[in-house]
Amino acid sequence: GKHHRAIKQAVWLYLYLLQGANWKTGLLFRRIATIAVEMGLNPRTIERWLRTLRKQGYIRTISNGRTLNISITKWRPVSRKGTPKTDKSV
């Protein structure tokens, strides 16, 4: 629904980033060329989708000259125990 309307086809890159991010921090480090090869897409497509995700507030990126440091902005740490924490006061 709303996410697909906001980021269109970049949803595929977002899913790729979610899958590769550190479970605790929501961070990952990748080269655009690596993402393009792993997804089977043109690097320009990856660059365009990264711009879309940044513009819509889904990610933040910092280049260190070799790789992109990518931060998922609305990351919630994944519990390894398999059960999400719930509010029992309700």
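Tabulated data for the structure shown
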read-out: Filter result (more than 21 Å from residue 65 (Cα to Cα) and either open to solvent by 100 Å² or more (accessible area, probe 1.4 Å) or touching a Cys at 6+ places or on another chain (Cβ under 6 Å) (or both)) within the range 1-47; value: 2, 5, 8, 12, 19, 23, 24
read-out: Pair list, Cβ under 7 Å, 6 or more apart: the range 51-65 residue without any contact (Cβ under 8 Å) to a residue 24 or more places away in the chain, other residue hydrophobic (A, V, I, L, M, F, W, C); value: 61/50; 61/68; 61/70
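The values are calculated or read from the model by the stated rules, or taken from the named source; none is laboratory data. Just so we're clear, the structure is a prediction, and the values are computed from it rather than from any experiment. A quick note on method: Cβ atoms are made from the backbone with ideal geometry, for glycine too, and the neighbour counts reach across all protein chains shown. Quick note on the areas: whole protein, heavy atoms, side chains included, nothing else; ligands and nucleic acids left out. Shrake-Rupley method; radii C 1.70, N 1.55, O 1.52, S 1.80 Å.
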